[in-house]
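Working notes, structure below.
The values are calculated or read from the model by the stated rules, or taken from the named source; none is laboratory data. Every value quoted in this text rests on a predicted model; they were computed, and no experiment measured them. Counting neighbours? That spans all protein chains shown, and the Cβs are built from the backbone with ideal geometry, glycine included. Accessible surface is based on the protein model in full, side chains and every heavy atom, while ligands, DNA and RNA are left aside. Shrake-Rupley method; radii C 1.70, N 1.55, O 1.52, S 1.80 Å.
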Amino acid sequence: MRKKIALIGGGNIGGVLAEQSAYRELGDVVLFDVVEGLPQGKALDMAEGAPLVGSDARISGANDYEGIAGADVVIITAGLARKPGMSRDDLLKTNLSIMKQVAEGVRDHAPDAFVIVISNPLDAMVYTFKEVSGFPKNRVVGMAGILDSTRFRSFVAWELGVSVKDVTAMVLGGHGDTMVPLVRYCTVAGIPIEQLIPKDRIEAIVERTKGAGGEVVALLKTGSAFVSPALSAIEMAEAHLRDKKRVFACACLCEGEYGIDGLYVGVPCVIGAEGVERVIEVEMNEAERSLFDASVDHVKELVAQIEI
Ligand code: TXD
């Protein structure tokens, strides 16, 4: 019996999520959107391509929440994406009302699901979903740090001309301009990058990582990055579905960890069959901790604007 994966939002990221979920046979896929025909059309197109990748996963589209009934995993991209010149925070008001509606739909039709929130502003949206749905914190997580860490890894690999597979990195804090790429924890096959890359180039890579989302938005002009965000969420979903105990930077509800009480913030965590199985507290030096605390303060300010 295949698992059921519901994708709430059938747009740019939702389409890649559906394709990757189905073609990797992570489970049967239901693509949900409010636009009539959009999820059904995308699902039918992907289903017709399945013989070419040998996938027997069922793919369908829905405009009613009944279609997601009993989903084991829910990934949420419902909401507006940035346009050039916009910050992620500019999306708060519009996406907040959407997220409340989505949280009620998921609560009522997929009450046992593991939920990955992608919509921006991420730290506020995942908090909103948790508050409205009432789901336990291990079953509600935000996708952000894994994407930011992946971007950091790519930039380091390109700088050194090495395989992306051999670069590990961690970006913590809020998913915005205050995010914290932890240089000391970035290695190439265990070798700290401070032994391999000059300081000024590391600083340039850190800044590019923090601005990477905006760099793509400026180029696309009509939307934001969608392949790398989708692939990041797929890693998280697969870690849960296959109980892989992967360690990722994700937006997790911190209740005491890092001295944070009751906020979703990007921290290292272990994802397995139970969802977010634990948060890992890493040591930070004074400079790193100061940047992390400033990022947490920004998340606090953002969440303070939310009226549930
Ligand atoms: O790292 C991250 N977390 C970010 C997240 C990385 C990139 C993109 N980030 C955010 O994801 C972005 O700022 C948006 O808030 C979401 C989705 O981005 P995407 O590029 O997929 O946006 P689209 O293509 O506009 O798709 C959004 C879909 C669209 O088809 C709408 O019709 C649908 O959401 N939508 C809804 N679906 C269900 N229910 C409701 N109420 C609804 N409203 C809109």
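Side notes on the structure shown:
- Relative contact order, percent, the chain [alpha-carbon distance under 8 Å, six or more residues apart]: 17
- On a per residue basis, the chain carries 44 Å² of accessible surface, using protein heavy atoms and a 1.4 Å probe.
- Estimated FRET transfer efficiency (residue 281, residue 168; beta-carbon r; R0 25 Å; 0.05): 0.90
- For region 237-295, a crude dipole built from +1 on the beta carbon of Lys and Arg and -1 on the beta carbon of Asp and Glu, taken about the Cα centre, is about 360 debye to the nearest 20.
- Above 18 Å, the calculated P(r) of region 174-308 contains 65 percent of its Cα-Cα pairs.
- Accessible surface of region 17-95 [probe 1.4 Å, protein heavy atoms]: carbon and sulfur percent: 53
- Compactness index (Cα Rg / 2.2 N^0.38 Å), region 4-142: 1.01
- Net charge of Cβ neighbours under 10 Å - reference residue 172; Lys, Arg +1; Asp, Glu -1: -2
- When you restrict to C-alpha pairs under 8 Å that are six or more residues apart and normalise by the size of region 35-118, the relative contact order lands at 35 percent.
- Residue 248 long-range amide H proximity, modeled H, under 5 Å: 269, 271
- For region 2-60, the Cα gyration tensor yields ellipsoid semi-axes of 17, 12, 9 Å (square root of five times each eigenvalue, largest first, whole Å).
- Carbon/sulfur fraction of accessible area - region 166-279, other protein chains in place, 1.4 Å, %: 53
- Each principal axis of the Cα cloud of region 181-245 was evaluated for its coordinate range; sorted largest first, these ranges are 38, 38, 14 Å.
- Taking Cα atoms only, the orientation of helix 92-109 departs from the longest principal axis of the chain by about 50 degrees.
- Angle in degrees between helix 122-133 and the longest Cα principal axis of the chain, rounded to the nearest 10: 40
- Direction-averaged projected area, Cα convex hull, the chain: 15.4 nm², rounded to one decimal.
- Solvent exposure ordering (accessible area, 1.4 Å, most first) of 33, 72: 72, 33
- Residue-span extension gain [residue 231 to residue 36] - 0.36 nm each, minus C-alpha spacing: 67.6 nm
- Here residue 210 is the anchor, and the aspartates and glutamates within straight C-alpha reach of less than 13 Å, apart from those fewer than 8 places off in the same chain, are 148, 177.
- Theoretical ellipticity at 222 nm over the chain - DSSP helices of four or more residues, -39500 (n - 2.57) apiece, nearest 500: -13500 deg cm²/dmol
- Phi angles of region 144-149 translate, via the Karplus equation with coefficients 6.51, -1.76, 1.60 and θ = phi - 60°, into HN-Hα couplings of 7, x, 5, 5, 4, 5 Hz per residue; Gly and Pro are given as x.
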